[in-house]
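See below for the structure under consideration.
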Amino acid sequence: MPTDFRTALMDFIRREAKPVEKYGHQPRLYALTRQIAWDLNYDDDVVFAAAWLHDLGVFVGHRPEDPAELAKWDHVRYTCERAPQILADAGFPAEKVQAVITVVREHQPHDQPTSIESTVLRDADILEQLGGIGILRTVCKVGRDTRYSTFTDAIETLRKNLQVLPGKIHLENAKRVAEPRIAALKSFLEAIDSESAGALF
């Protein structure tokens, strides 16, 4: 048996994260929260739990496989519904469970965070959609995700990320961390334009 809730949550996600490369997002995301919020007063237990659980609903085995059902799937709602029992099983403090659910509910770029914990995780999650990691996470989905049938689909998402996401970051530390990631993504997209000869497909 795990000796603490952090180990229990990490072990749970290690088992459930499918495809397997999705597991890397959680430890990277939590590390980013520590990097951008080192000077802030926030509940690290809440951020840790939300960072590890927030994408449960996108894993194979948790999401629908039927394309029509998947197109309308609310992975955040699913995670919020599952989280209380998972947290209880892990021995997470009961008085903090609702705060974790709030952070999960508010972690996407279009959301408006209502707590410092939500702001920290949301900014970190935006950073994961920029730079080299953002490129890897998007391009690896080509051909196996209904949103990305072609390279063009993936590149259009990356272009949108470059245009929209930097302006949605709240924390000053996160904005500083974003700068080289924005530059890397911009450089990548310029290379694609230069090298594709209009035939990216």
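The values are calculated or read from the model by the stated rules, or taken from the named source; none is laboratory data. All values derive from a computational prediction rather than experimental measurement. Cβ atoms come from the backbone with ideal geometry, glycine included; neighbour counts cover every protein chain shown.
Structural remarks
- Here residue 93 meets the list (1) out of contact with any strand residue (DSSP E or B) (no Cβ under 6 Å at 6 or more places or on another chain); (2) surrounded by fewer than 16 Cβ atoms within 10 Å (Cβ to Cβ); (3) under 29 Å from residue 178 (Cα atoms) almost entirely, failing just condition (3).
- Any hit, the range 103-118, residues being surrounded by 21 or more Cβ atoms within 10 Å (Cβ to Cβ), assigned to a helix (DSSP H, G or I), assigned by TED's automatic domain parsing to the domain that holds residue 40 and touching a residue at least 24 places away in the same chain (Cβ under 8 Å): yes
- Residues located in the range 17-63, provided they are charged (D, E, K, R), at pLDDT 95 or above and surrounded by fewer than 17 Cβ atoms within 10 Å (Cβ to Cβ): 28, 34, 39, 44, 45
- Flag for residue 169 being farther than 19 Å from residue 108 by Cβ and either buried (at least 19 other Cβ atoms within 10 Å of the Cβ) or in the same structural domain as residue 25 (by TED's automatic domain parsing) (or both): no
- The range 123-153, subset assigned to a loop (DSSP other than H, G, I, E, B) and of a type in the set (Gly, Ala, Ser), residue surrounded by the fewest Cβ atoms within 10 Å (Cβ to Cβ): 143
- Lone unmet requirement of (1) closer than 30 Å to residue 149 by Cα; (2) more than 17 Å from the chain's Cα centre (by Cα); (3) surrounded by 13 or more Cβ atoms within 10 Å (Cβ to Cβ) for residue 66: (3)
- Here the helices (runs of 4 or more DSSP H) wholly within the range 24-95 that include at least 2 residues being of a type in the set (S, T, N, Q) and within 20 Å of residue 123 (Cβ to Cβ) are 25-36.
- Of all the listed residues (151, 201, 92), the sole one being touching a Leu at 6+ places or on another chain (Cβ under 9 Å), in contact (Cβ under 8 Å) with a residue 12 or more places away in the chain and either within 25 Å of residue 71 (Cβ to Cβ) or not assigned by TED's automatic domain parsing to the domain that holds residue 60 (or both) is 151.
- Any pair with Cβ under 8 angstrom, 6 or more apart, that starts in the range 160-183 at a residue that is without any contact (Cβ under 8 Å) to a residue 12 or more places away in the chain and ends at one that is buried (at least 19 other Cβ atoms within 10 Å of the Cβ) and of a type outside the set (Gly, Ala, Ser): 175/169
- Residue check, residue 186 touching a helix residue (DSSP H, G or I) at 6+ places or on another chain (Cβ under 9 Å), under 28 Å from residue 36 (Cβ atoms), of a type outside the set (A, V, I, L, M, F, W, C) and touching a residue at least 40 places away in the same chain (Cβ under 8 Å): no
- On the stretch given as the range 1-23, residues that are in contact with an Asp or Glu (Cβ under 9 Å, 6 or more places away or on another chain), within 24 Å of residue 141 (Cα to Cα) and not in a helix (DSSP H, G or I) total 1.
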